[in-house]
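Below you'll find the structure, written out as structure tokens, and then a few comments.
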Amino acid sequence: AGTNLQFLAEYKTRPNEVIMVKVAVSAVSAANALLNLDTEIPDWGFDRVMNETKAKWDRELSRIEIEGSQWDKETFYTGMYHAFLAPNLYEDVTGEYRGLDSNIHRAKKSTNYAVFSLWDTFRATHPLFALIQAKRDADMINSLLAHYDQSADHLLPLWSLQGNETWCMIGYHAVPVIVDGYLKGVKGFDKQRAYNAIRTTAMNPDYDGLEAYRRLGWVPCDQENESASKTLEYAFDDYCVAQMAKALGKQDDYEYFTRRAGSYKNVFDSSTSHVRGKDSQGKWRTPFDPHGYGEGAQNDFTEATATQYTFYNPQNVPAMIALIGGKEKFAKQLDDLFEYKEPVKSQAAEDIQGRIGEYWHGNEPSHHIIYLYCYAGQPWKAARRLHEVIKTQYGNKPNSLSGNDDCGQMSAWYIFTALGFYPVCPASDYYVIGSPAVPKAVMRLSNGKKFTMQAENLSDENIYVQSVKLNGRNWNTPFLPYRELKNGGTLVFTMGPQPNPAWGVNGPVPECQ
């Protein structure tokens, strides 16, 4: 115990002699660390440990098998490896771990995990787990619920690190992780216990402006930083609570949280066609720069601009389109986002990578935005931008990834996008079809079914969807229902070098809320 601790081990070696070292850790005790070591690596068989580890990873990576070029395979499986690295196992071989309350607990019927970067991973990483790693996802959900049980504040984790709460980022995004898992058939956790935890968290009066949000319908900018972003993300989380309430037959809760999920309307200013900060008296924050970042009024947004966050209402995109003035105006505002020329780069945003205009792929608030073209009846624009991002911001080199991986979210975005569809609205019953980036993939679902994607004629030039068949049926909408995916089957794309303006423009647009 102490500060600036160091340990030095010296060995006398011959030239080219190999030294083997075994290391084990425990958050509980030195005795448990030694027990972990003796149990997991009892001998000195380096080759055995290496081969066993490679075999374990091969089993995990084979949950999705793809065809394609060497670049495709190296990029895709690097992404899967990244996506599966976190959350981390956080228990000893005895099942013991140090909890949020600093006491020693024992995981009995599930495995305990830590490191939940929930503001990032609720978007695509956990929805991926729900499909192909359901047992692990259930253990993660039980770990979130254990955190809640050990919390003096009766809160699900916000950003959990090694059994502690960092209070980093915004929202209560353990909620969509739990609800999406439940609605996607993940088994192994108590649904009533889970619902009580998500509802209690959503009703906590002391959490980051929630009391004012419940009373006013928005988080006031004169009381909370990042107020507009908090309003929008709370509204999405409330949508998720409503969906689980509905599934459990809790009609009053369903109606209440559905009303709260509509709070995005309260921070939309029709005179600017943007969301913006609003104070406790209902007055807009001024001055207002929709492109400003991290300074003055822009403190109303979390690691993003008003221009980006205006597009964050995944629970009811048709309502967002209506607020902006219809599909044409909505698509034009999307175009403007991608074509924006920044006059002077904000110093506060220098570390944001992956820029295409004001679309910043290196950070999560932008991750769903490209897919919104599909709601506006212009899916070919989504196809063009998706392939642009994949070819310029992913790859098989050490510097290929734009920004850090954020505990798997950057890679999960790539995995879904390469397969041709993406969970724009986790906890809903559909995915949005984009444009595939590998010629064939077989997804081994956790329920034992196989879902196969084929992209006929796919090439660097043939990136536009000409037609789609789902289980042999013509599929003319860019929305893929979960009920079609969960039972296995085949999704076949026919690709071409030019957009087909007739595909994906007239199908029904899901209204989640």
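The values are calculated or read from the model by the stated rules, or taken from the named source; none is laboratory data. Computed from a prediction, not measured in an experiment: that's the story for all the values here. Backbone-built Cβ (ideal geometry, glycine too); neighbour counts: all protein chains shown. Side chains included, ligands, DNA and RNA excluded: accessible areas come from the protein's heavy atoms. Shrake-Rupley method; radii C 1.70, N 1.55, O 1.52, S 1.80 Å.
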The stretch 111-133 - residue that is part of a loop (DSSP other than H, G, I, E, B) and not basic (Lys, Arg) and, of those, nearest to Arg63 (Cα to Cα): Gln133
Single residue of Val424, Val438 found to be among the β-branched types (Val, Ile, Thr) and closer than 21 Å to Asn316 by Cα: Val424
Restricting the stretch 309-343 to residues that are of a type in the set (D, E, K, R) and not in a helix (DSSP H, G or I), the residue that is nearest to Ala376 (Cα to Cα): Lys341
Odd one out for Lys332, checked against (1) modelled with pLDDT under 95; (2) open to solvent by 10 Å² or more (accessible area, probe 1.4 Å): (1)
Residues of the stretch 121-154 that turn out to be open to solvent by less than 10 Å² (accessible area, probe 1.4 Å) and over 18 Å from Gly408 (Cβ atoms), as a count: 1
Long-range neighbours under 7 Å by Cβ, at least six apart or interchain, first residue under 9 Å from Arg106 (Cβ atoms) within the stretch 82-95, second open to solvent by less than 30 Å² (accessible area, probe 1.4 Å) and assigned to a loop (DSSP other than H, G, I, E, B): Glu91/Ala107; Glu91/Asn112; Gly95/Ala107
Helices (runs of 4 or more DSSP H) fully within the stretch 1-110 counting 2 or more residues that are within 30 Å of Leu128 (Cβ to Cβ), among the aromatic types (Phe, Trp, Tyr) and modelled with pLDDT of 95 or more: 70-85
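Residue-wise test of (1) in contact with a Pro (Cβ under 9 Å, 6 or more places away or on another chain); (2) closer than 24 Å to Met244 by Cα; (3) open to solvent by less than 10 Å² (accessible area, probe 1.4 Å).
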residue	(1), (2), (3)
Gln162	no, no, no
Ala174	yes, yes, yes
Asp190	no, yes, no
Asn196	no, yes, no
Tyr207	no, yes, no
Arg214	yes, yes, no
Asp222	no, no, no
Ser227	yes, no, yes
Among (1) under 24 Å from the mean Cα position of the chain (by Cα); (2) surrounded by 18 or more Cβ atoms within 10 Å (Cβ to Cβ), the one test that Gly294 misses: (2)
The stretch 54-81: number of residues that are under 29 Å from Val28 (Cα atoms) and open to solvent by 60 Å² or more (accessible area, probe 1.4 Å): 4
The stretch 405-425, residues that are closer than 15 Å to Ala83 by Cβ and not aliphatic (A, V, I, L, M): Asp405, Asp406, Cys407, Gly408, Gln409, Ser411, Trp413, Tyr414, Phe416, Thr417, Tyr422, Pro423
Output for the stretch 82-99, where each listed residue is out of contact with any Cys (no Cβ under 8 Å at 6 or more places or on another chain), surrounded by fewer than 20 Cβ atoms within 10 Å (Cβ to Cβ) and among the hydrophobic types (A, V, I, L, M, F, W, C): Leu89, Val93
Only listed residue being open to solvent by 30 Å² or more (accessible area, probe 1.4 Å), of a type outside the set (Gly, Ala, Ser), touching a residue at least 60 places away in the same chain (Cβ under 8 Å) and out of contact with any helix residue (DSSP H, G or I) (no Cβ under 8 Å at 6 or more places or on another chain), chosen from Arg384, Arg355: Arg384
Filter pass, Thr392 being open to solvent by less than 10 Å² (accessible area, probe 1.4 Å) and part of a helix (DSSP H, G or I): no
